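The values are calculated or read from the model by the stated rules, or taken from the named source; none is laboratory data. A quick note: this is a predicted structure, and the numbers were derived from the prediction, not measured. Cβ coordinates were reconstructed from backbone atoms using ideal geometry, including for glycine residues, and neighbour counts include every protein chain displayed. For the accessible areas, the whole protein counts, side chains as well, though only heavy atoms, and no ligand, DNA or RNA atoms are used. Shrake-Rupley method; radii C 1.70, N 1.55, O 1.52, S 1.80 Å.
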Amino acid sequence: IRSPIAGYFVNRTDGFESALTVEKATDMMPTDISRILTESPAGETAGIGKVVGDYEWYLACVLPVEQASQLKEGAELSVRLPFVLNQAIPVKVAATNKDKDGQVAVIFESSQMSKELSSIRNEQVQIQLKEYEGLRVPDAAMQFNDKQEAGVYVRVGNALAFRRVNVLYHSEHD
């Protein structure tokens, strides 16, 4: 069997191949996404599978307008698909299509492709707006010295020493 293109081979089809096309991706509305998630696919097509030949792909999700307001077209961020990959995937917001009911179809575009990504269709997604790197310190451990500098006390041998902390992010939920 010969393929007309090179790419990732996926040994199954799900019937949505003609409904979910790259050409239609950025025009999808929240009702389109909800309909596709709830309807049955056209059924598996004849053949042994499909070849994903392009590394450009789209991810669509529906969010309330309050949450989607942080996502502007052209913004670059990362998403995680926790049940597929153990790493963040860089994406760009390709479109934000709002409906009259206060729902927004957010369409992400990515050029990072892998064997795992080539075969997914409906997955949970975590949108990472920002990423912080550092040590996580519980609020109970934070202290202030006589100069009102935030920090923690650490044990160095038999002595306690105050170490200043540069707070990058603070959340009441942590």
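Checked against (1) open to solvent by less than 30 Å² (accessible area, probe 1.4 Å); (2) within 17 Å of Met28 (Cβ to Cβ), Gln103 passes all but a single condition, namely (1). Total residues in region 7-42 satisfying the condition of being part of a loop (DSSP other than H, G, I, E, B), open to solvent by less than 90 Å² (accessible area, probe 1.4 Å) and at pLDDT 75 or above: the figure is 3. Residue check: Leu59 meets all listed conditions (1) in contact with a Pro (Cβ under 9 Å, 6 or more places away or on another chain); (2) modelled with pLDDT of 85 or more but one, namely (1).
Restricting attention to region 124-154, the residues that are exposed (fewer than 13 other Cβ atoms within 10 Å of the Cβ), touching a Phe, Trp or Tyr at 6+ places or on another chain (Cβ under 9 Å) and closer than 30 Å to Leu37 by Cβ add up to 2.
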